[in-house]
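K.L.:
Handing you a structure now.
The values are calculated or read from the model by the stated rules, or taken from the named source; none is laboratory data. Remember, it's a predicted structure, so these values are computed and weren't measured experimentally. As a convention, Cβ positions derive from the backbone with ideal geometry for all residues, glycine included, and neighbour counts pool all protein chains shown. What goes into the accessible areas is simple: the full protein's heavy atoms, side chains included, and nothing from ligands, DNA or RNA. Shrake-Rupley method; radii C 1.70, N 1.55, O 1.52, S 1.80 Å.
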Amino acid sequence: MKIVCLDLEGVLVPEIWIEFAEQTGIKELARTTRDEPDYDKLMKFRIRILREHGLGLKEIQETIARIEPLPGAREFLDRLREETQLVIVSDTFEQFAMPLMKKLAYPSIFCNRLTVDEKGQISGYEMRCKPSKLITVRKLQEMGFDTIAAGDSFNDLEMIEASSLGILFRTTDQIKRDYPQYPAIETYEEFYQIIHAAL
């Protein structure tokens, strides 16, 4: 049995932190896992910037409420779910993801959780497991699934490498150069066709 493991941000929805950086004018918050492979370092940096500016979960959620899926993402998921099982495997957080899942017709998602203090400021985060994406595909494989994995960032590479089919979707030129063994595609039609052919 096959199961498709998809990244969320940059693949199905815009990057939340980039959208928030644009809304607030805080350019430092536009840094993502495309730029920084060390997720813990990136999150500690983000939390520090938020505190410096007195911003908390509420302000980020207000931005998320205005985010729509990338054009064609919902249709891509609907089409794929007619043929196979899929799960979104993301390093985002429950508090960010749930409004977006509604707009994508509630696909299954494995993600993490923020810790928030009494003032509504983000104080830290809890990873579901580490490294979360790699462990997720390994456990699915132990359960008898053959995994197909796709993403756009450094933090997706472990699950892509561990899967029988790995796909880079709208990734950076640097990642394309460093990982030429994986198909690098730009459209949802290509995305669907390459997965469909592997099922």
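K.L.:
Output the 0 to 90 degree angle, nearest 10, between the alpha-carbon long axis of helix 39-52 and the longest principal axis computed from the alpha carbons of the chain.
P.N.:
Roughly 30 degrees, rounded to the nearest 10.
K.L.:
Rounded to a whole number, what % of the accessible area of the chain do carbon and sulfur atoms account for, probe 1.4 Å?
P.N.:
Carbon plus sulfur share of accessible area: 50 percent.
K.L.:
Tell me the per residue accessible area of region 48-102 using a 1.4 Å probe; a whole number in Å² is fine.
P.N.:
I get 49 Å² per residue for this part.
K.L.:
Write down, largest first, the equivalent ellipsoid semi-axes of region 125-199 in whole Å, where each equals the square root of 5 times an eigenvalue of the alpha-carbon gyration tensor.
P.N.:
The equivalent ellipsoid of region 125-199 has semi-axes of 21, 17, 10 Å.
K.L.:
Related question: Can you match mean projected area of the Cα convex hull in nm² to one of these, (i) 10.6; (ii) 13.7; (iii) 10.0, based on a calculation from the structure here?
P.N.:
After the calculation, the listed value that fits is (i).
K.L.:
Residues of region 134-199: accessible area per residue at 1.4 Å, in Å²?
P.N.:
For region 134-199, the solvent-accessible area averages 46 Å² per residue.
K.L.:
If I take R0 = 22 Å and measure r between the Cβ atoms of ALA30 and GLU190 in this structure, what FRET efficiency does the formula 1/(1 + (r/R0)^6) give, to the nearest 0.05?
P.N.:
On the way: r = 27 Å, r/R0 = 1.23.
Working from the Cβ atoms, E equals 0.20.
K.L.:
OK, next. One-quarter of the Cα convex hull surface for region 10-99, in nm²?
P.N.:
6.4 nm²
K.L.:
List nothing, just return the count: lysine pairs in region 1-96, 8 or more apart or interchain, with Cα separation under 22 Å.
P.N.:
Working: LYS27/LYS41; LYS27/LYS44; LYS27/LYS58; LYS44/LYS58.
So the count works out to 4.
K.L.:
Debye sum, Cα scatterers, region 95-155, no solvent: what log₁₀ I/I(0) at q = 0.25 1/Å?
P.N.:
So the normalised log intensities are -1.19.
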